[in-house]
Amino acid sequence: MTPLRTPFDNSYSRLPEHFYSRQAPARVPNPRLIRVNAALAEELGVDVEWLASPEGVAVWAGNVVPEGAEPIAQAYAGHQYGGWVPQLGDGRAILLGEVVDAKGRRRDIQLKGSGQTVFSRAGDGKAALGPVLREYLVSEAMTALGVPSTRALAAVTTGEEVYRETPLPGAVFTRVAASHIRVGTFQYFAAREDTEALRTLADHVIARHYPECAQAESPTLALLEAVIAAQADLVARWLALGFIHGVMNTDNVAISGETIDYGPCAFMDNFHPQCVFSAIDRNARYAWGNQPTICQWNLTRFAETLLPLLAEDADAAIALAEGALSGFGGRFQSRYLAGFRAKLGLPGKDGAEFIEATLRTLAEQEVDFTLFFRHLTRIAAGENAEALVALFAKADAAESWLADWRKVADPVGQRDAMRAANPILIPRNHRIEQAIQGALGGDFAPFHRLVDALATPYTENPEYSDLELAPLPHERVRRTFCGT
Ligand code: AMP
Ligand code: MG
């Protein structure tokens, strides 16, 4: 059977040899399918029946390289927690190749966890089951929530153990992305003063992600502006959902504007702007409320890499880069405010003060972020305020907030906007944890149920009402781990 109705067309592996290293995936002893994503396969032109067949599973496990694939590990560098690392690269990921999907979009198909590459350093290049399930769940949930994201095509267990603190079941994750080109990819060449490679990479990215920039007077400047806009929009979306990426290092920022590299990411339960889950983010660098500032910091690192392409004169190049970067704040702020106006049902273009006051109240009152907006949407639909009031530590704080809200909101006129902005379901940390624990014990049912439920996060579905609930005290997850 032909696995791919659309053949591979591997534009990245046609770039110069020093952009990557050719590397076949490692073989694994006993691959078993966890889940495949039939809807995504359909989009990509992957035969849906073949997808879950033993031949398909052998591909998703890395045991068979499909026809037309040209497996490579991509080179990149990056700033990790603010510290410069001149070489990172795909240490536990192998890009099989690219396909052009039914809508004409080029997509990478990558195996994550399929063995060592030249970039693995001391790592084993493998992935453990838990992080694979987490990435599957969260990346698909993000997509269904309407946030640009890499996708999950398949997950398999390998039949071998990987050693972290303890032995864990090994797994391989098949990731689909617009591309895996990162801010760190540009940094890799900039640090080596390889201007020719930077030019080649910028041209590749413009053709692939931002073709309209090719017509601009300065395509490089247009590219910088486009990436700044995409990242500003992305982080505004994250904030509106209470999402904390957890590892916003420059190697984890995709030039395409997709959310990438789901490690110790989390959706917060109770709102707090300084909320952090990642066990290794000791200084709370990547807290919920720091994400816009960090995004701008990352974009500044991106702009620096483009300086040699922006203008021959160094001062002129810096002026252009600074001009573009100065647009970030306004762009982010307008998207952020629009997002929260929709969540709160505020008409018009104002509301900044009320939004900030609301967030202060939510933090003081230790209110569950998602349930707050869920119940507010119900109030807009004519229900009483009891459930919302019950979320607050003090009922009178809730009553006084509601009185203020009624003065500024237009619940009737904005009801549909509120519904579209306020998900009923998010992948709550404790549910992800339960799904992982179930799977580690051999029961994948909670994982499958969670993936199914999160496919329609804005739809009322009584069957999944338990998944809306905040964690009980003993279920609460306070720390998340990279697990690599
Ligand atoms: P991350 O923070 O997960 O995005 O990974 C940072 C860097 O560490 C990347 O270069 C990864 O390829 C590498 N890395 C992470 N886990 C492993 C592993 N198990 N084996 C080899 N390299 C890894
Ligand atoms: Mg990464």
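The values are calculated or read from the model by the stated rules, or taken from the named source; none is laboratory data. Source: prediction; values computed, not measured. Backbone-built Cβ (ideal geometry, glycine too); neighbour counts: all protein chains shown.
Kindly indicate which of Val227, Val247, Val235, Val276 is part of a loop (DSSP other than H, G, I, E, B) and either away from ligand 1 (no atom under 16 Å from the Cβ) or free of Cβ contacts under 8 Å to residues at least 60 places away in the same chain (or both).
Working: Val227 fails: part of a loop (DSSP other than H, G, I, E, B); Val247 fails: either away from ligand 1 (no atom under 16 Å from the Cβ) or free of Cβ contacts under 8 Å to residues at least 60 places away in the same chain (or both); Val235 fails: part of a loop (DSSP other than H, G, I, E, B).
Only one candidate qualifies: Val276.
For Glu383, only one of the following conditions fails: (1) within 27 Å of Leu469 (Cα to Cα); (2) surrounded by 15 or more Cβ atoms within 10 Å (Cβ to Cβ); (3) not polar (S, T, N, Q). What is its number?
If we test Glu383 against (1) within 27 Å of Leu469 (Cα to Cα); (2) surrounded by 15 or more Cβ atoms within 10 Å (Cβ to Cβ); (3) not polar (S, T, N, Q), just (2) comes out false.
Within region 428-484, restricting attention to residues that are within 16 Å of ligand 1 (Cβ to nearest atom) and closer than 22 Å to Val147 by Cα, which residue is surrounded by the fewest Cβ atoms within 10 Å (Cβ to Cβ)?
As a first pass, look at region 428-484 and keep what is within 16 Å of ligand 1 (Cβ to nearest atom): 480-484.
Keeping just the survivors that are closer than 22 Å to Val147 by Cα gives 480, 482.
Working: Thr480: 22, Cys482: 15.
Step by step, filter region 428-484, then rank; the result is Cys482.
If you check every pair at least six apart or on different chains, which have Cβ atoms under 7 Å apart with a residue in region 396-417 that is closer than 15 Å to Gln365 by Cβ first and a residue that is among the aliphatic types (A, V, I, L, M) and part of a loop (DSSP other than H, G, I, E, B) second?
Cβ pairs passing all conditions: Leu402/Ala385.
Between Ala279, Ala342, which is aliphatic (A, V, I, L, M) and closer than 17 Å to Leu239 by Cα?
Details: Ala279 fails: closer than 17 Å to Leu239 by Cα.
Result: Ala342 is the single residue among Ala279, Ala342 that is aliphatic (A, V, I, L, M) and closer than 17 Å to Leu239 by Cα.
Test of understanding: among Val147, Val156, which residue is touching a residue at least 40 places away in the same chain (Cβ under 8 Å), surrounded by fewer than 21 Cβ atoms within 10 Å (Cβ to Cβ) and among the β-branched types (Val, Ile, Thr)?
On the way: Val156 fails: surrounded by fewer than 21 Cβ atoms within 10 Å (Cβ to Cβ).
None of the other options fit; the residue is Val147.
So if I check each of Trp288, Trp297, which one is under 20 Å from the mean Cα position of the chain (by Cα) and surrounded by fewer than 19 Cβ atoms within 10 Å (Cβ to Cβ)?
Checking each option against the conditions leaves just Trp297.
With the requirement that a residue be in contact with a Lys or Arg (Cβ under 9 Å, 6 or more places away or on another chain), farther than 8 Å from Phe173 by Cβ and more than 7 Å from ligand 1 (Cβ to nearest atom), what does region 109-129 give you?
Ile109, Gln110, Ser114, Gly115, Thr117, Ala128
Pick from Leu454, Leu450, Leu425: which is in contact (Cβ under 8 Å) with a residue 40 or more places away in the chain, touching a Lys or Arg at 6+ places or on another chain (Cβ under 7 Å) and of a type outside the set (Asp, Glu)?
Leu450
For region 357-406, how many residues meet the condition of being in a helix (DSSP H, G or I), within 28 Å of the chain's Cα centre (by Cα) and of a type in the set (A, V, I, L, M)?
Residues meeting the conditions: 5.
With the checklist (1) surrounded by fewer than 23 Cβ atoms within 10 Å (Cβ to Cβ); (2) more than 10 Å from ligand 2 (Cβ to nearest atom) in hand, flag the one item Ala266 doesn't pass.
(1)
Suppose we filter Ala61, Ala77, Ala69, Ala39 for residues that are of a type in the set (A, V, I, L, M), within 26 Å of the chain's Cα centre (by Cα), under 18 Å from Arg182 (Cα atoms) and at pLDDT 95 or above; which single one remains?
On the way: Ala61 fails: under 18 Å from Arg182 (Cα atoms); Ala69 fails: under 18 Å from Arg182 (Cα atoms); Ala39 fails: under 18 Å from Arg182 (Cα atoms).
Unique residue meeting the criteria: Ala77.
Give me the residue from region 83-108 that is near ligand 1 (Cβ under 10 Å from one of its atoms) and either part of a strand (DSSP E or B) or modelled with pLDDT under 95 (or both) and, out of that set, surrounded by the most Cβ atoms within 10 Å (Cβ to Cβ). Before you say what the answer is, go through the steps one by one.
Within region 83-108, the first condition is being near ligand 1 (Cβ under 10 Å from one of its atoms), and the residues that meet it are 85, 87-93.
Remaining after also requiring either part of a strand (DSSP E or B) or modelled with pLDDT under 95 (or both): 85, 93.
On the way: Val85: 17, Ala93: 25.
Within region 83-108, the match that is surrounded by the most Cβ atoms within 10 Å (Cβ to Cβ) is Ala93.
Being in a strand (DSSP E or B) and among the charged types (D, E, K, R) is the filter here; which residues of region 118-175 pass it? Lay out the reasoning, then the answer.
We begin by selecting, within region 118-175, every residue in a strand (DSSP E or B); these are 126-128, 149, 151-163, 167-175.
Correct list: Lys126, Arg151, Glu160, Glu161, Arg175.
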